[in-house]
Amino acid sequence: MTDLTTQISALQQGEHLCSVYQTISEMMAQVVPYLRHGLLSGEQCIYIAEENTKETVLSSLSDGGIDVERAVKERRLLLWNRVDYKPAGPFDRDIMFNFVQGSVEKAVAEGFSGLRLAVEMTWAPKSGVTLQELVAWEALLNRLSYPGSKASFICMYNRDLLPSALIREAVYVHPVVVLGEMVCPNLFYQPPELTLENKTEEEQLHWMLSQITRADLAEKALVQKTMALEATNAELERFCYAASHDLREPLRLVSNYVELLSKRYKGRLDADADDFINFALMGVQRMDRLIKGSLTHARVGLTAPIFEAVDCDEILTDVLANLKTSITEAVAQIVRQPLPVVNGNRFLVSQIFQNLIHNAVKYHGAAPPIVSIHYQLRDGECLFVIQDNGIGIDPLYHEKVFEIFQRLDSLDGDSGSGIGLAICKKAVERHEGKIWVESEIGKGAAFYFTLPVWTQIQPPLGDGQKTAS
């Protein structure tokens, strides 16, 4: 499952979405990436606040990474309330439609690529809108918003504040629904004209049967594309593994001769020659690390997904033994909690702990590193946390660090390959888990990842601490 931001970014311009939520934080988690994507796409974005104040909305958008002050100043982001959106007096969908359509045309005339509207729908019952009027209104919006058009809408319905009947009717007329962290094609979508134009039962039946056929064909096409994509990915993984493996032999030959030059001629030539030999040796060593990392990354992708009971406490003990030299040289302190048994692949789980702890020990500041490893059980999975007091990571790079060969500018002088965190991400995803980081510059980093619990052996939540140095 991809994250919500990725799912929203994949939507075409002109989609008409229905958001169903229960808490303000849940709603903001949906609307912030929706508006951020619109701003990045050059659209003018308008937020219609009703149950929230403008100040609350601006604060949430700012916390979501949007430069609110600049966007508002440049009129790329506008905040309205019900009075701005709905003219005074009784609800009149035609007047409203002309107003929204005019707003779309005005945005395009001002040089924006389109208009993106986010509306808190608690305005509807407060304006005396009936269910039939609401369906009619959403039907009109469907005429403006269709994939590729200049108008995009997300209509946000609060389950705790709005009647279930109203939300049900609203869901029927939206092609796409946002629920929690999922963007879902609406299986219950009904073109509004089916109900508004009093279609006969025969016409409604014909539409239903055509939808079933279309859905079946779409599902089969998706399955075929997925199988083809999986086959292509597997072939790429095998190619990467084979290429990396074959590269090691000629690189080893080059490394041997460069080391021989260094030993035999160091100090016998001029200073420039010594520097050139050192640079060549450093380059060969870095290339060797990159190839080794690529082999491991490819192996993670090629490892058969055979899972068993994996004792993470044993894994951690083995990893700390492997990293003993690095831990000793850095005078690192490792604070560990007894860890549980998970349903996993031993090699993959080892790679996660190995790379995260190695980074925590390696990228420390002036103070000796302190690395804490603990976990908690939640909803059938284990949430692990590996926390350090190191140099930290700018929030701007929290997603980038998990991409292969991506290294932060501040670490360019270091010997890292930029593969370790990519290996962790792939290994966690093979377990259908998630991995993320919370960090600030100079304040250390906390890496979180989830693995499935081994259901046949339910370990008690460990509360003891033991320390190793």
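Can you find a residue in region 59-72 that is β-branched (Val, Ile, Thr) and closer than 26 Å to residue 135 by Cβ?
Going residue by residue through region 59-72, those that are β-branched (Val, Ile, Thr) are 66, 68, 72.
Still in the running and closer than 26 Å to residue 135 by Cβ: none.
Within region 59-72 (the criterion being β-branched (Val, Ile, Thr) and closer than 26 Å to residue 135 by Cβ), the answer is no, since none of the residues qualifies.
Determine, yes or no, whether residue 103 is assigned to a loop (DSSP other than H, G, I, E, B) and either of a type in the set (Gly, Ala, Ser) or free of Cβ contacts under 8 Å to residues at least 24 places away in the same chain (or both). Here the answer is no, as residue 103 does not meet what is asked.
Yes or no, residue by residue, for (1) closer than 30 Å to residue 343 by Cα; (2) modelled with pLDDT of 70 or more; (3) in contact with a Lys or Arg (Cβ under 6 Å, 6 or more places away or on another chain):
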| site | (1), (2), (3) |
| --- | --- |
| 243 | no, no, no |
| 264 | no, yes, no |
| 275 | no, yes, no |
| 295 | yes, no, no |
| 323 | yes, yes, no |
| 331 | no, yes, no |
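Kindly indicate the residue of region 13-47 that is charged (D, E, K, R) and surrounded by fewer than 22 Cβ atoms within 10 Å (Cβ to Cβ) and also nearest to residue 68 (Cα to Cα) among those meeting that condition.
First pass over region 13-47, keeping only residues charged (D, E, K, R): 15, 26, 36, 43.
Subset that is surrounded by fewer than 22 Cβ atoms within 10 Å (Cβ to Cβ): 26, 36.
On the way: 26: 20, 36: 10 Å.
Residue satisfying both the conditions and the ranking: 36.
Of all residues in region 100-139, those satisfying the criterion of being among the hydrophobic types (A, V, I, L, M, F, W, C) and more than 22 Å from residue 31 (Cβ to Cβ) are 108, 109, 131, 135, 136, 139. One residue stands out among those in region 80-104 that are open to solvent by less than 70 Å² (accessible area, probe 1.4 Å), of a type outside the set (Lys, Arg) and under 17 Å from residue 125 (Cβ atoms): the one that is modelled with the lowest pLDDT, which is 89.
Look through region 48-68, keep the residues that are open to solvent by 10 Å² or more (accessible area, probe 1.4 Å) and in contact with a strand residue (DSSP E or B) (Cβ under 6 Å, 6 or more places away or on another chain), and return whichever of them is nearest to residue 100 (Cα to Cα). Talk me through it step by step, then tell me what you get.
Taking region 48-68 first, the residues open to solvent by 10 Å² or more (accessible area, probe 1.4 Å) are 50-56, 58-60, 62-68.
The next check asks that each one be in contact with a strand residue (DSSP E or B) (Cβ under 6 Å, 6 or more places away or on another chain); those that pass are 50-51, 54.
Details: 50: 17, 51: 21, 54: 20 Å.
By that ranking, first place goes to 50.
With respect to the conditions (1) closer than 26 Å to residue 147 by Cα; (2) assigned to a helix (DSSP H, G or I), residue 112 lacks only one, and its number is (2). Conditions first: (1) open to solvent by 10 Å² or more (accessible area, probe 1.4 Å); (2) within 31 Å of the chain's Cα centre (by Cα). Residue 140 passes all but one, so which condition is the exception? The one condition residue 140 does not meet is (2).
Among residues of region 317-334 that are in contact (Cβ under 8 Å) with a residue 40 or more places away in the chain, those with a Cβ under 6 angstrom from a residue that is part of a helix (DSSP H, G or I) and of a type in the set (Val, Ile, Thr), sequence gap 6+ or separate chain, pair up as 327/361; 332/361. Looking only at region 125-135, residues that are out of contact with any Ser or Thr (no Cβ under 9 Å at 6 or more places or on another chain), of a type in the set (A, V, I, L, M) and in a helix (DSSP H, G or I) come to 2 in all. Being in a helix (DSSP H, G or I), surrounded by 20 or more Cβ atoms within 10 Å (Cβ to Cβ) and either at pLDDT below 90 or not hydrophobic (A, V, I, L, M, F, W, C) (or both): is that true of residue 8 here? Considered against the rule, which asks whether it is in a helix (DSSP H, G or I), surrounded by 20 or more Cβ atoms within 10 Å (Cβ to Cβ) and either at pLDDT below 90 or not hydrophobic (A, V, I, L, M, F, W, C) (or both), residue 8 comes out as yes. Of all the criteria given as (1) in a helix (DSSP H, G or I); (2) under 22 Å from residue 185 (Cβ atoms), the one not satisfied by residue 97 is (2).
When region 16-69 is filtered for residues that are part of a helix (DSSP H, G or I) and under 18 Å from residue 107 (Cβ atoms), the ones remaining, listed by number, are 34, 35, 36, 37, 38, 39, 40.
Filtering region 133-147 for residues that are touching a helix residue (DSSP H, G or I) at 6+ places or on another chain (Cβ under 9 Å), of a type outside the set (A, V, I, L, M) and at positive phi leaves an empty set. Each residue in region 130-164 was checked for being at pLDDT 85 or above and of a type in the set (Gly, Ala, Ser), and 4 pass. Taken over region 264-281, residues that are surrounded by 12 or more Cβ atoms within 10 Å (Cβ to Cβ) and small (Gly, Ala, Ser) amount to 2. Evaluating residue 77 against the criteria (1) of a type outside the set (Ser, Thr, Tyr); (2) under 25 Å from residue 184 (Cβ atoms); (3) without any contact (Cβ under 8 Å) to a residue 60 or more places away in the chain leaves one unmet condition, (2).
Of all residues in region 179-203, those satisfying the criterion of being part of a loop (DSSP other than H, G, I, E, B), at pLDDT 70 or above and either in contact with a strand residue (DSSP E or B) (Cβ under 7 Å, 6 or more places away or on another chain) or open to solvent by less than 70 Å² (accessible area, probe 1.4 Å) (or both) are 180, 186, 189, 190.
The values are calculated or read from the model by the stated rules, or taken from the named source; none is laboratory data. Worth saying up front: this structure is predicted, and the values here are computed from it rather than measured. Neighbour counts are summed over all protein chains in view; Cβ atoms, including those assigned to glycine, are modelled from backbone coordinates with ideal geometry. Just the protein is used for accessible areas: all its heavy atoms, side chains included, with ligands, DNA and RNA removed. Shrake-Rupley method; radii C 1.70, N 1.55, O 1.52, S 1.80 Å.
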